[in-house]
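Chemist: Would you mind keeping the following structure in view while I ask a few things?
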Amino acid sequence: MTTAPLLVLCALGPEVWALRGGDWRGSAGGPPVLVRTGVGRRRAAHAVRRVLGSAPGSYGAVVVAGFGAAVAPGMAPGDVIVADGVRDAEGNLFAVGSAADLARALKERGLTAHTGVHHTADHVVRGLERRALHLQGALAVDMEAAAVLAALRELRPALPAAVLRVVVDTPERELLRPGTLPAGVRAWRTLRATVPALVDWHRQELPTGAPALHHPTSSTLPQEAS
């Protein structure tokens, strides 16, 4: 018996690029499948339905990964925020039970990881709106994760899922300021560095008795068309 590969969903091409170059050696089920969904809830939901609908049962776990904005003070570019829940703009909350295990795997790899609620917005969040989201309990904001989890709840509710965002900008240093470029480079490098932790987490999600396949590292990974 072997396990199915990891499905990794990213909104942007640079996020896919960062993850493709990571160290996926030992990845359970072989190399992961990386999918660029596009930005926003509609595109993300469509991508999940397309990918899972065309290959039901072909994936062992799903990760939503990429860059994001911190809404809590005290975060730094390059920090990783792992979701233990994702809330959408309508107030629906999707619990994510993987947070503790994934955060631990990230910390064991030397990364700074925080655990908390992500808010999925339908627009770029700035200024006082970020403060309001933090006061409502959020640590990070994105534009896709809630739609992915909603689709998974409908299509594959038992499929293990995780959500992480690498901080690019913070309430103290928002996008389009002079520090954005260095912060973006740091976040890109950190996102690539999360790969071994994702491998560790996926292996923890294997069904009992299911051996992981070990593959040599490769510079070319399977990728769904975006």
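Chemist: In region 43-129, what GluC sites (Glu not before Pro) fall in a loop by DSSP, with at most 15 other Cβ atoms inside 10 Å? Kindly include the intermediate steps, with their values, before the conclusion.
Modeler: On the way: sites: GLU90, GLU108, GLU129; in loops: GLU90.
Hits after loop and neighbour filter: GLU90.
Chemist: Hey, another quick one. Take the alpha carbon gyration tensor of region 58-203, find the square roots of its eigenvalues, order them as a ≥ b ≥ c, and report rounded if a/c is under 1.5; if not, report prolate when a/b exceeds b/c, else oblate.
Modeler: oblate
Chemist: Rounded to whole Hz and in sequence order, give me ³J(HN,Hα) for region 60-65 from the Karplus expression 6.51 cos²θ - 1.76 cosθ + 1.60, θ = phi - 60°, writing x for Gly and Pro.
Modeler: x, 6, 10, 10, 9, 9
Chemist: Then there is this: Using modelled amide H (1.01 Å from N, peptide plane; none on Pro or chain starts), what sits under 5 Å from the amide H of HIS114, excluding residues fewer than 5 places away?
Modeler: VAL80, ILE81, VAL82
Chemist: Name the residues whose placed amide hydrogens come within less than 5 Å of the amide hydrogen of ALA28, ignoring near sequence neighbours (fewer than 5 apart) on the same chain.
Modeler: Under 5 Å from the amide H of ALA28: ARG203.
Chemist: Put a dot 7 Å past each Cα toward the Cβ at SER58 and ARG42; how far apart are the dots in nm?
Modeler: If labels sit at ARG42 and SER58, their model points lie 2.6 nm apart.
Chemist: State the Cα centre-to-centre distance between region 66-143 and region 1-40 in whole Å.
Modeler: Between the Cα centre of region 66-143 and that of region 1-40, the gap is 20 Å.
Chemist: Just to be sure I understand the model, the point goes 7 Å from the Cα along the line to the Cβ. What's the resulting ARG109 to TRP17 distance in nm?
Modeler: Once both label points are built, they end up 2.0 nm from each other.
Chemist: Roll a 1.4 angstrom probe over the protein heavy atoms and tell me the percent of accessible area of region 1-137 that is carbon or sulfur. Kindly include the intermediate steps, with their values, before the conclusion.
Modeler: On the way: 3020 of 5650 Å².
C and S atoms contribute 53 percent here.
The values are calculated or read from the model by the stated rules, or taken from the named source; none is laboratory data. Keep in mind that what you see is a predicted model, and the values were worked out from it rather than measured. A quick note on method: Cβ atoms are made from the backbone with ideal geometry, for glycine too, and the neighbour counts reach across all protein chains shown. Surface accessibility is based on the protein's heavy atoms, side chains included, excluding ligands, DNA and RNA. Shrake-Rupley method; radii C 1.70, N 1.55, O 1.52, S 1.80 Å.
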